[in-house]
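The values are calculated or read from the model by the stated rules, or taken from the named source; none is laboratory data. Values in this document were obtained by computation on a predicted structure and should not be read as measured data. Here the Cβ positions follow ideal geometry from the backbone for every residue, glycine too, while neighbour counts run over all protein chains shown.
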Amino acid sequence: MNPDTLANLRNLLLRETGLFFPPEKDYLLVSQVEKRVRATGAAGSDEYVRGLRGNSREFQELVNLLTIPETYFMREFRFLDLVARRIIPEIISGRGRASLLSAGSATGEEVYSLIMLALHYNLPMDKISLVGLDINTLSVERARAGIFSRFSIRNTEEQARTILEKFIRQTDNGEIKLSEELMNFARFVHGNLFRGLSGLGPFDIVLLRNTLIYIQPGLRPCVLKNLREGMREGGYLILGQIEITGGAFGIFNQEKIEGLTVFVKKGPLEKTNQEK
Ligand SMILES: C[S@@+](CC[C@H](N)C(=O)[O-])C[C@H]1O[C@@H](n2cnc3c(N)ncnc32)[C@H](O)[C@@H]1O
């Protein structure tokens, strides 16, 4: 691929999705574009990339190949457990119901883990709503189908495994199909966190875990601001362990619950010098 084409592709992805691909990821861009060139019959990579600008369907196909739907049930269990055991009940006792968003839900394991935990703790499911949102349309479809491979059960913590065993049955070929009952509690939508929540919400709890890391550092505050706008006052933002060290760019209050760092939406957002 011509270096200018590569630079144009990087810019297009950044502008539309916030996703950034440093030079060491060039191989990924090149190989996935080549796949789409073969699939679409385009004359070559340069022509394919030129045609992407006016072709949102094809752009989506490429985004599906470039995003990493890496996830598994009960990932970073302590945070999920804290949400289900403590934060959801606290919100329900305060305002009667709790709405949750898994921002960057990939194939859905995060949402389904929360449902399993909520059932495990006998929470009132009619007072809880759970939405998973992802930019990858294939992942959204997979999440809705509720079929997983053994690879989705990787958490080795005993407590997490015991809870998972209550809800998960493997078929003879090792596949996992979730029950309709469990699946009915979840909703999965396609969306782009960089562009906002398209009218979803307001949410009491947002999980943004292992997703912000794929967004260009300078654009991460924009994603956090979009999420903040879709949250209720007093709502909780739960970041992935890898993202916590970056903080929440000063637009959430940082708190510790049971030794775990969470972020809380409190008060109006102060205007930046540029906005004043
Ligand atoms: C590694 S997965 C994390 C899944 C889950 N949250 C977890 O912690 O296991 C990251 C997901 O973020 C999604 N993603 C990346 N950029 C996004 C954006 N701008 N809007 C919505 N989803 C995005 C990717 O498609 C991918 O499925």
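Some points to look at:
- Exactly one residue out of Ser139, Ser198, Ser149 is under 21 Å from the mean Cα position of the chain (by Cα) and within 22 Å of Glu229 (Cβ to Cβ): that is Ser198.
- Helices (runs of 4 or more DSSP H) contained in the stretch 39-88 and holding at least 3 residues more than 30 Å from Leu12 (Cβ to Cβ), at pLDDT below 95 and in contact with a Gly (Cβ under 6 Å, 6 or more places away or on another chain): none
- Filter result for Gly96 (away from the ligand (no atom under 16 Å from the Cβ), touching a helix residue (DSSP H, G or I) at 6+ places or on another chain (Cβ under 8 Å) and at positive phi): yes
- Considering residues of the stretch 198-212 that are surrounded by fewer than 20 Cβ atoms within 10 Å (Cβ to Cβ) and not hydroxyl-bearing (Ser, Thr, Tyr) only, the residue farthest from the ligand (Cβ to nearest atom): Pro202
- Of all the criteria given as (1) in contact with a strand residue (DSSP E or B) (Cβ under 6 Å, 6 or more places away or on another chain); (2) within 20 Å of Asn136 (Cα to Cα), the one not satisfied by Leu82 is (2).
- Number of positions in the stretch 79-124 that are surrounded by fewer than 16 Cβ atoms within 10 Å (Cβ to Cβ) and among the aliphatic types (A, V, I, L, M): 0
- Residues in the stretch 233-250 that are crowded, with 17+ Cβ neighbours inside 10 Å and not hydroxyl-bearing (Ser, Thr, Tyr): Gly235, Leu237, Ile238, Leu239, Gly240, Glu243, Ile244, Ala248.
- The C-beta contact set for the stretch 40-67 (first residue touching a residue at least 12 places away in the same chain (Cβ under 8 Å), second residue among the aliphatic types (A, V, I, L, M) and part of a loop (DSSP other than H, G, I, E, B), distance under 8 angstrom, 6+ apart or interchain) comprises Ser45/Met1; Asp46/Met1; Tyr48/Ala42; Val49/Met1; Val63/Ile135; Thr67/Ile135.
- Selected residue (criterion: surrounded by the fewest Cβ atoms within 10 Å (Cβ to Cβ)) from residues of the stretch 17-27 that are in contact with a helix residue (DSSP H, G or I) (Cβ under 7 Å, 6 or more places away or on another chain) and in a helix (DSSP H, G or I): Asp26
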